[in-house]
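Scroll down for the structure; my scribbles are underneath it.
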Number of protein chains: 2
Amino acid sequence: MKRTRFDSDICAIARTLDVIGDWWSVLIIRDALGGVRRFSDFQQKLGAAKNVLTTRLKELVAAGILKTGPASDGTAYREYLPTEKAQALLPVLVALAQWGSENLFDKGETCSVPVDAANRRPLAPIKLHARDGRVLSASDILMTKFGKC
Amino acid sequence: MKRTRFDSDICAIARTLDVIGDWWSVLIIRDALGGVRRFSDFQQKLGAAKNVLTTRLKELVAAGILKTGPASDGTAYREYLPTEKAQALLPVLVALAQWGSENLFDKGETCSVPVDAANRRPLAPIKLHARDGRVLSASDILMTKFGKC
């Protein structure tokens, strides 16, 4: 079934999901932030079909999450570079990684997560804070409507 | 095209994506955390086809993210309740909402995001920290492999 589009949805979660499109997009952003630049390298790393990858890359460029540029080595290849909007998605990627490593891996199992460049260790678990600094637990958070962005 | 499954992938992001399945699952979790309990209410709120919703709810129960129970009002309906694993996905939902409200809404446009129950205000923007407390920017984070979970 074709997924409904959420363009006009006032829910910021749904609207983000509409732009990132599907899980391929998230994995492409992961790899772009990890230094992958070329179509053939994305393809090899992800194992995605060419047409799927082409569509997703175009969508991410249209959304301003990736931008294209000439190859850094002077060859005729085009490269895909992550923008600030891609970097701003790091909390999403880190949150997905932290939930997965906590819930879907056995203790001691080999596992890949984003790491601190200074010491190659996983980041601290994300904590949710109120504007006044209070740490919020699940019961302190409402999923209800808020007025204006 | 059918999405490749990432079960055996050592990347914690990919493995989480494999469990949450698709965007419907994320929206179901959003609504479950927001107090929706019954099939018909999920259906009405999401506008998802019955078969899609049935499949996604089953998957979320199998993954331990939702659990079923008798209706709180004593009727014959079954209810779907979020577990701790669902609550632990709040950082993912909040990160998606914050990116969306920052990048996909006009200033002053009506927008719905998770809010602080104490004052109905949006949460503070998520910051990523190292284990020793340093705030990390995008350039401080590597998407490379880490050894063990």
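When region A:59-100 is examined, which residues are found to be open to solvent by 20 Å² or more (accessible area, probe 1.4 Å), among the small types (Gly, Ala, Ser) and at pLDDT 95 or above?
A:Ala62, A:Ala63, A:Gly64, A:Ala88
Any idea how many residues of region B:7-47 are in contact with a helix residue (DSSP H, G or I) (Cβ under 9 Å, 6 or more places away or on another chain), of a type in the set (Lys, Arg) and open to solvent by 40 Å² or more (accessible area, probe 1.4 Å)?
1
Given the conditions (1) within 16 Å of B:Met143 (Cβ to Cβ); (2) within 14 Å of the chain's Cα centre (by Cα); (3) without any contact (Cβ under 8 Å) to a residue 60 or more places away in the chain, and given that A:Leu57 satisfies all but one, which numbered condition is not satisfied?
A:Leu57 satisfies all of (1) within 16 Å of B:Met143 (Cβ to Cβ); (2) within 14 Å of the chain's Cα centre (by Cα); (3) without any contact (Cβ under 8 Å) to a residue 60 or more places away in the chain except (1).
Please find, among A:Gly64, A:Gly100, the residue that is touching a Lys or Arg at 6+ places or on another chain (Cβ under 9 Å) and at negative phi.
A:Gly100
Where in region A:22-97 are there helices (runs of 4 or more DSSP H), lying fully within it, with 2 or more residues that are away from every other protein chain (no Cβ under 13 Å)? First the steps, then the outcome.
Working: elements: A:23-33, A:39-46, A:50-62, A:84-87.
Output list reads A:39-46, A:50-62.
Please tell me if B:Ala97 is aliphatic (A, V, I, L, M), without any contact (Cβ under 8 Å) to a residue 60 or more places away in the chain and closer than 23 Å to A:Gly34 by Cβ.
Spelling it out, it is not the case that B:Ala97 is aliphatic (A, V, I, L, M), without any contact (Cβ under 8 Å) to a residue 60 or more places away in the chain and closer than 23 Å to A:Gly34 by Cβ.
Among the candidates B:Ile28, B:Ile10, B:Ile20, which residue alone is β-branched (Val, Ile, Thr) and at pLDDT 90 or above?
B:Ile28
Could you please find all residues in region A:37-83 being touching a strand residue (DSSP E or B) at 6+ places or on another chain (Cβ under 8 Å) and charged (D, E, K, R)?
A:Arg37, A:Arg38, A:Lys67, A:Arg78, A:Glu79
Which of the residues belonging to region B:127-146 are open to solvent by 20 Å² or more (accessible area, probe 1.4 Å) and within 7 Å of chain A (Cβ to nearest Cβ)? Spell out how you get there, then give the answer.
Taking region B:127-146 first, the residues open to solvent by 20 Å² or more (accessible area, probe 1.4 Å) are B:127, B:129, B:131-135, B:137-140, B:142-146.
Correct list: B:His129, B:Arg131, B:Ala138, B:Asp140, B:Leu142, B:Met143, B:Thr144, B:Lys145, B:Phe146.
The values are calculated or read from the model by the stated rules, or taken from the named source; none is laboratory data. None of the values given here were measured: they were computed from a predicted structure. Methodologically, a virtual Cβ is constructed for each residue, glycine included, from the backbone with ideal geometry; neighbour enumeration extends over all protein chains shown. Calculation scope for accessible area: heavy atoms of the full protein, side chains included, ligands and nucleic acids excluded. Shrake-Rupley method; radii C 1.70, N 1.55, O 1.52, S 1.80 Å.
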